[in-house]
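Before any comments, here is the structure.
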Amino acid sequence: MESSLRKNKSFITLMTAQAISGLGDWLSIIAIITLVGLKWEATPMQMALIILSLALPMALLGPITGTLADRMERKSLMVFSDVVRGVLILLLTLATNVWMVYGCLFLVGMFSSVFIPAKNGKLKELVPDEHIKAAMSISSTIDSSTKIIGPLVSGILVTLIGTYNVFYLDSATFFLSAVLIFILPKALKNSDVSAGEEKKDAPSFKEDIKLGLAFIKKSNFLLYGLFLLGVSLLILQLSDSQFIILLRQLTDVSPNLLGYLVTSAGAGMLLTGIYLSKKTDYNAFVYMCAGVLGIGLGFGTMGILTYYDLSLSMLWVPILGFQAGAAAGLVFIPFQAATQEKTPVHMTGRVFGVVNSITTTATIIGPLAGGVLATFIGIIPSFIVTGSLLIILFIVSITVRKKVVEEETDVTESQSRTQGATPL
């Protein structure tokens, strides 16, 4: 299977573009935080609005941009999105106040919300159904890798070449990604029966969005799996934003401990991605349930050990971070892969637009909810409570497993060989 994907030049090109673009995303974020937070001495609220201005359009526009990705040629959308984002990053070099930064980031987030469902739809076009799980695992592994490498490289580059030069470099990554995507083949016209019928009936844009939501609702796996994904990500973000507060409770805390925690969590997710790219004959929902349990045990244990102020934190904190990261990979990657597998190519934009909207919403609400929860009940109890909630969610999920994994046979059959793939 891996051999087949390695021979798929279009898939390799798409993944290369994703890696370059993803690395660029992290380069710009660290540079912006450095510019606004250190040089402009922004207030905590202004720093919060930096992240919000980037995430808000992705949360609000997901279903709309996902539908757009199904109605238009995906390759063209991706190239246009990359070029526009490259120009917007260049404009950041001209920014003189935080409001200009907010505006640029809002537009970057808006065009990112176009790129993501278009990329997932293009992946479906280029990869046969029997290889889609491995392909999505590789795609998720690339995402995890850029999250580990990006901040490290960005910090070094900001120090060596300065903030504005990092913006120039980041802009170049988007333009390079656009060039790579430009050489990808277009989808064959009229290769999907459903897409053809859709064109014939000419539904409105609003009806297209409803069609995507209806497709998710009629699938037990997509509906409950999306709920499981959203809740898990919400609790992850809720706790992630408070890790530094939790670690401050330890007597022997090291200034580098948070960095080790983040790196180990990223390494855990990366390892899960590599494992799942090799083993694709798995039950996605069972893996998701195991992932929820793993995250819950990791967070809960971290809260308990912090309460007892256990020594050797440089050892057990990264270990628990690695476990939580690996478990998170078991939630995210199987869901993404199974969703690709179950969704016809002409529906991928709409479905992943909804998925992206829900996950982005969780990343916005999570940190705010984490701050409120830690304020009211304390930082250590908040970790124990969130860990316990995930364990309860695991128990509930296992009890409804049989109902969730039962998919309609007609839905499964309609997927078979519906890619609008071009010859490789």
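No lab work stands behind these numbers, since they all come straight from the coordinates. Keep in mind it's a predicted model, so treat the numbers as computed, not measured. Heads up, the Cβs are rebuilt from the backbone with ideal geometry, glycines too, and the neighbour counts pull from every protein chain shown.
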Sparse-neighbourhood loop hits (chymotrypsin sites (Phe, Trp or Tyr not before Pro), segment 22-99; DSSP loop; Cβ within 10 Å at most 15 others) -> Trp40
Rounded to the nearest whole number, the per residue volume of the convex hull around the C-alpha atoms of segment 213-415 in Å³ is 113 Å³
Taking Lys and Arg as +1 and Asp and Glu as -1, residues besides Ser313 with C-beta under 14 Å from its C-beta add up to -1
Note, segment 57-71: 3J(HN,Hα) by Karplus (6.51, -1.76, 1.60, θ = phi - 60°), whole Hz, Gly/Pro = x, goes x, 5, 6, 7, 9, x, x, 6, 5, x, 5, 4, 5, 8, 8
Taking Thr146, Thr375, Thr65 and counting other beta carbon atoms within 10 angstrom, the fewest-first order is Thr375, Thr146, Thr65
The pairs in Lys119/Lys402; Lys124/Lys217; Lys119/Lys403 lying past 24 Å Cα-Cα in this model are Lys119/Lys402; Lys119/Lys403
Scoring only Lys, Arg, Asp and Glu (+1, +1, -1, -1) among other residues with Cβ under 15 Å from the Cβ of Val396 yields +3
Pseudo-spin-label distance Ile244 to Glu130, built 7 Å along Cα→Cβ, given in nm, is 5.0 nm
Measuring from its Cα centre, segment 1-181 shows a charge dipole (+1 at each Lys and Arg Cβ, -1 at each Asp and Glu Cβ) which, in debye to the nearest 20, is 240 debye
Site Thr251, offset 7 angstrom along Cα→Cβ, radius 20 Å on amide nitrogen, limited to segment 312-355, gives 312-318
So the FRET efficiency between Ala214 and Phe106, C-beta based with R0 = 35 Å and rounded to 0.05, is 0.70
Once Lys and Arg are counted +1 and Asp and Glu -1 for all other residues with Cβ under 13 Å from that of Met58, the total becomes 0
Expected vector for segment 316-323, Karplus 3J(HN,Hα) from phi with 6.51, -1.76, 1.60 and θ = phi - 60°, integer Hz, x for Gly and Pro, equals 7, 5, x, 5, 5, x, 4, 4
With N residues in segment 235-322, Rg(alpha-carbon) / (2.2 N^0.38 Å) equals 1.19
Note on segment 213-415: contact order normalised by length, alpha-carbon pairs under 8 Å, 6 or more apart, percent, works out to 39 percent
